[in-house]
Amino acid sequence: IGGIIVIDFIDMKKRRNRDKVMESLARATRGDHAKIKILPITRLGLVEMTRERRRESLQSMTGEQCPECNGSGWVLSRDSLFLKIRKEILDLTAGRPEGRLKIHLKSPVATYFKENKERLEKQVGRSVEPIEDDTLPWENYKITIE
């Protein structure tokens, strides 16, 4: 643990008990090699401590950057992708003769498109075939007109 630590000792009114707590905290942290600062108990019964981080976080030692979101921890929802792709299809097909659309998508996204295929076809005025392609990252897709 590193950073600021706040401990709430609710209803500790006796000075003697507060002193014992402070002594116990000081004793418990003596063997720690990290730089620690303990502030006195406030009127509200709070003890503030700071502790220097000594090494990488557990997450950085045991994890790696997500290849789907490039480490952002966030990807577009299936519905947001649906709306984005629908707009792109409408832009792509404006003024073009009829043609069947194939959309290559990551499996979970393709499943969502299959479940909403009829709605999409009605909105874009064309036949649409969602195709599962797990070589694509979550938000990537490929649209072809045949």
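Numerical summary
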{"item": "Enumeration of residues in region 3-19 that are under 26 Å from GLU52 (Cβ atoms) and either modelled with pLDDT under 90 or not acidic (Asp, Glu) (or both)", "result": "GLY3, ILE4, ILE5, VAL6, ILE7, PHE9, ARG18"}
{"item": "Which listed residue, of GLU56, GLU48, is under 30 Å from MET12 (Cα atoms) and outside the structural domain of GLU132 (by TED's automatic domain parsing)", "result": "GLU48"}
{"item": "Residues located in region 54-88, provided they are within 30 Å of HIS33 (Cα to Cα) and modelled with pLDDT of 90 or more", "result": "none"}
{"item": "Filter pass, LEU76 being within 30 Å of LYS114 (Cα to Cα), part of a helix (DSSP H, G or I) and of a type in the set (A, V, I, L, M)", "result": "no"}
{"item": "Subset of region 132-146 that is loosely packed, with under 15 Cβ neighbours inside 10 Å, in contact (Cβ under 8 Å) with a residue 24 or more places away in the chain and not acidic (Asp, Glu) - its residue that is farthest from GLU68 (Cα to Cα)", "result": "ILE145"}
{"item": "Answer residue from region 9-38, given it is over 30 Å from SER60 (Cα atoms) and under 35 Å from the mean Cα position of the chain (by Cα) and is surrounded by the fewest Cβ atoms within 10 Å (Cβ to Cβ) among those", "result": "ILE10"}
{"item": "Flag for GLU68 being closer than 19 Å to TYR141 by Cα and part of a loop (DSSP other than H, G, I, E, B)", "result": "yes"}
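Residue by residue, here is whether (1) surrounded by 11 or more Cβ atoms within 10 Å (Cβ to Cβ); (2) within 18 Å of ILE145 (Cβ to Cβ) holds:
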| position | (1), (2) |
| --- | --- |
| ARG55 | no, no |
| TRP74 | no, no |
| GLY95 | no, yes |
| GLU98 | no, yes |
| LYS102 | yes, yes |
| TYR112 | yes, no |
| GLU115 | yes, no |
| ARG119 | yes, no |
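The values are calculated or read from the model by the stated rules, or taken from the named source; none is laboratory data. Since this is a predicted model, take the numbers as computed values, not measurements. In this analysis, Cβ positions are derived from the backbone assuming ideal geometry, glycine residues included, and neighbour counts consider all displayed protein chains.
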